[in-house]
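*Asks:* Have a look at this one.
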Amino acid sequence: MKISLTHGYFIEEDEKEQEIMRPYPPLGVLYISAWLEKNGYDNQVFDSTFSSFSALKKHLLKKTPDVVGIYTNLMTKLNVLRTMEFIRSNEQLSHTKIILGGPEVRNHIENFLRHGADFLVLGEGEETMLELVKAIESKEPTDAIESIAFLNKSGEVEKTKERALLRDLDELPMPNRMKIDMPLYFNAWKQKHGTNAISVNTMRGCPYTCKWCSRAVYGLSYRRRSAKHVVDEIEWIKANYDVETIWFVDDVFTVSHKWLKEFVEEVNARNMVMPFECITRADRMNEDVIKLLKKAGCFRVWIGAESGSQRIIDKMDRRVDVNQVREMIVAAQKGGISAGTFIMVGYPGETEEDIYETIHHLKTANPDLFTITVAYPIKGTDLYTEVESKFLEDLPWQSNTDRDIDFERTYPRKYYDYAVRLIVNEVNAFKAVKTGNTLAAAKHKAKALAAKGLMAASKR
């Protein structure tokens, strides 16, 4: 049986990522690949990141797979639709079964099925994908397979019972990195940042309820690989690649202090410490945690807040105190760890006062790095439900993503685009003053004043 797995993300189409250049391999696809291989099903992975859509088409025509599995998220949705259209319109691929999985499929079931998918994998994919492949190979019925959706013989959407999540993540093999050209990622990082990185996942799910965050794959859960299992992977990485740092892609790396202590002991006992960065929450940090992170090799920690306004943080159901966020950013820096944070503007109800609170927050905490975006609602989230009745346009599903959705905010969307400029330049001016770079400070101040004027002009 011929199986091809892909994901439909092309960095050549993503101008923002070309500027940032922090690409990561498709770990979800590589986990599926490893699980299939472990159970006797060889497969090919077409890693589209550094490739092109034309190359993907050539791959499909050359391999004529019996099954194509495509990881689907908000960013790749349109390319996934394009890929399905190509498969469905090509006689050589008329036998190919299309299986979609990933965070985007659960909340758009009928649309994906009507646009060409044979099956959708809802939630965690390893066991479900394996059962689907077995059924397709043996031409057995699929309606008893849990956590899938498909069109039945009457053309109606059928959704099966939800599958229980894997209880023991140590049963998972390591992601099948050997299926793709990892040095492409390392070289891209090295050229842009002077150092390279590899992504590692130690947990699945998140126990928190932030309204803007999608839980379409793992739900409201928290499961973790053992510290030994994670360090086994680090040991394998060191033996197989010339890589300098790790990016732990977990939502809240320090959620369990018990696990963190076990990880610190294991990685040090085996002399496997590697520099890494991770994401966490201020309420899951303290001075002891910072010391543990430092001992484990952490060189940067990203501490989420999304706003400097406690009122907006509470609206997000973020369940964190903005003062604690500031304290932990400063404490991490004092502990010898670089600190970054995330900011989101344009959240429902956000006012100009809240935006200036965010500027104050960033100047007070003074993180080494911060990222900033304008809020958008992802279907299936509480934020989406909250603003759905306030959408400004009814956008065609097949040619847009949730990123394109605008809704009635305190001010028009353009206002918040200018607010991003204001925040970035106000904070950069502040940083320039602190380092004595008066010329840079003056330039950023001028840009901030211009952004402020545009904000005022764009108000209703």
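*Asks:* Using only Cα atoms, find the angle between the long axis of helix 227-240 and the longest principal axis of the chain, and express it within 0 to 90 degrees, rounded to the nearest 10.
*Replies:* 80 degrees
*Asks:* Report ³J(HN,Hα) in whole Hz for each residue of segment 38-51, in order, from the Karplus equation J = 6.51 cos²θ - 1.76 cosθ + 1.60 where θ = phi - 60°; Gly and Pro get x.
*Replies:* Along segment 38-51, the couplings run 4, 9, x, 10, 5, 7, 10, 10, 9, 7, 7, 3, 9, 10 Hz.
*Asks:* In the chain, what % of DSSP beta bridges are antiparallel (nearest 5)? All intermediate terms of the calculation are to be shown ahead of the outcome.
*Replies:* Values: 8 of 44 bridges.
Expressed as a percentage, antiparallel bridges in the chain total about 20.
*Asks:* Taking the Cα centre of segment 3-156 as origin and charging only Cβ (+1 Lys, Arg; -1 Asp, Glu), how large is the dipole, in debye to the nearest 20? All intermediate terms of the calculation are to be shown ahead of the outcome.
*Replies:* Numbers: 16 positive and 24 negative charges, 83 e Å.
Magnitude of the dipole: close to 400 debye.
*Asks:* Something else: At q = 0.08, 0.09, 0.19 Å⁻¹, work out log10 I(q)/I(0) for segment 1-148 with the Debye formula, treating every Cα as an identical point scatterer and leaving solvent out; two decimals please.
*Replies:* -0.20, -0.25, -1.20
*Asks:* A further question on this structure: With labels modelled as points extended 7 Å from the Cα through the Cβ direction, what inter-label distance (nm, one decimal) is found for residue 57 paired with residue 413?
*Replies:* Distance between the two pseudo-spin positions: 3.0 nm.
*Asks:* Still on this structure, please answer the following. Could you tell me which Cys residues in the chain have no other cysteine's Cβ under 4.7 Å from their own Cβ, answering none if every one has a partner?
*Replies:* So, 206, 278, 298.
*Asks:* Any idea how far apart residue 107 and residue 395 come out in nm if each label point goes 7 Å out from Cα toward Cβ?
*Replies:* Spacing of the two 7 Å Cα→Cβ label points: 1.3 nm.
*Asks:* Give me P(r) over segment 53-128, computed from all C-alpha to C-alpha distances, binned every 10 Å, as integer percentages.
*Replies:* Here the calculated profile for segment 53-128 is 19, 55, 25, 1.
*Asks:* OK, next. What shape does segment 12-90 have by the C-alpha gyration tensor, where a ≥ b ≥ c are the square roots of the eigenvalues, rounded means a/c under 1.5, and otherwise prolate means a/b greater than b/c and oblate the rest?
*Replies:* Numbers: a/c = 2.01, a/b = 1.22, b/c = 1.65.
It comes out oblate by the Cα gyration axes.
*Asks:* Ignoring everything except DSSP H segments at least 4 long, calculate the 222 nm mean residue ellipticity for the chain; use -39,500 (n - 2.57) per segment, divide by total residues, nearest 500.
*Replies:* So the calculated ellipticity at 222 nm is -13000 deg cm²/dmol.
*Asks:* For the chain, find the longest principal axis of its Cα atoms and tell me its angle to the long axis of helix 438-458, 0 to 90°, nearest 10.
*Replies:* On a 0 to 90 degree scale, this one is about 70.
*Asks:* Sticking with this structure for a sec: For the pair residue 181 and residue 37, how long in nm is the line joining their label points, each one 7 Å along Cα→Cβ?
*Replies:* Roughly 1.8 nm, to one decimal.
*Asks:* Report the gain in length on full extension from residue 356 to residue 22: 0.36 nm times residue separation, minus Cα-Cα distance, nm rounded to one decimal. Numbers along the way, then the final one.
*Replies:* Numbers: separation 334, 0.36 × 334 = 120.24 nm, distance 2.96 nm.
In short, 117.3 nm is gained.
*Asks:* Give me 393, 137 sorted ascending by neighbouring Cβ count inside 10 Å, so fewest comes first. Each step should come with its number before you reach the end.
*Replies:* Working: 393 10, 137 13.
Ordered from fewest to most neighbouring Cβ atoms within 10 Å, 393, 137 come out as 393, 137.
*Asks:* Sort out for me the Cα centre separation of segment 181-207 from segment 395-460, rounded to whole Å.
*Replies:* 29 Å
*Asks:* Among 318, 300, 88, rank each residue by its count of other Cβ atoms within 10 Å, from fewest to most, as a rough exposure measure.
*Replies:* Numbers: 318 25, 300 19, 88 14.
In order of increasing Cβ crowding within 10 Å: 88, 300, 318.
*Asks:* Positive end of the dipole of segment 3-156, charges at C-beta (+1 Lys, Arg; -1 Asp, Glu), about the Cα centre: which of 87, 6, 149 has its Cα farthest in that direction?
*Replies:* Looking along the dipole axis, the top candidate is 87.
*Asks:* How large is log10 I(q)/I(0) at q = 0.09 Å⁻¹ when the Debye formula is applied to the Cα atoms of the chain, each weighted equally and without solvent?
*Replies:* Treating every Cα as an identical point scatterer, log10 I(q)/I(0) equals -0.66.
*Asks:* Length gain on complete extension for the stretch residue 222 to residue 364, per 0.36 nm per residue less the alpha carbon to alpha carbon distance? Kindly include the intermediate steps, with their values, before the conclusion.
*Replies:* Working: separation 142, 0.36 × 142 = 51.12 nm, distance 3.26 nm.
Extending this stretch completely gives an extra 47.9 nm.
*Asks:* Let me ask something else about it. Treating only the Cβ atoms of Lys and Arg (+1) and Asp and Glu (-1) as charged, compute the dipole magnitude of the chain about its Cα centre; round to the nearest 20 debye. Write down the numbers at each step before the final one.
*Replies:* On the way: 64 positive and 66 negative charges, 239 e Å.
Value, rounded to 20: 1140 debye.
*Asks:* Here's a follow-up. Counting Lys +1, Arg +1, Asp -1, Glu -1, what net charge surrounds residue 20 among other residues with beta carbon under 14 Å of its beta carbon? It would help to have the intermediate numbers written out before the result.
*Replies:* Details: positive: 16, 22, 192; negative: 14, 15, 17, 19.
Here the count lands on -1.
*Asks:* Along the charge dipole of the chain, which of 362, 60, 102 sits closest to the positive end, that is, farthest toward it, with unit charges on the beta carbon of Lys, Arg, Asp and Glu (+1, +1, -1, -1)?
*Replies:* Checked the options; the winner is 362.
*Asks:* About the Cα centre, and with charges only on the beta carbon of Lys, Arg (+1) and Asp, Glu (-1), how big is the dipole of segment 195-374? Nearest 20 debye, please. Please list the in-between numbers first.
*Replies:* On the way: 24 positive and 25 negative charges, 109 e Å.
Magnitude of the dipole: close to 520 debye.
*Asks:* Okay, moving on. Taking Cα centroids, how far is segment 290-343 from segment 101-126 in Å?
*Replies:* Here the two parts' Cα centres lie 35 Å apart.
None of the figures in this text is laboratory data; all of them are computed from the coordinates on show. Predicted model only: the values in this text are computed from it and were never measured. In this analysis, Cβ positions are derived from the backbone assuming ideal geometry, glycine residues included, and neighbour counts consider all displayed protein chains.
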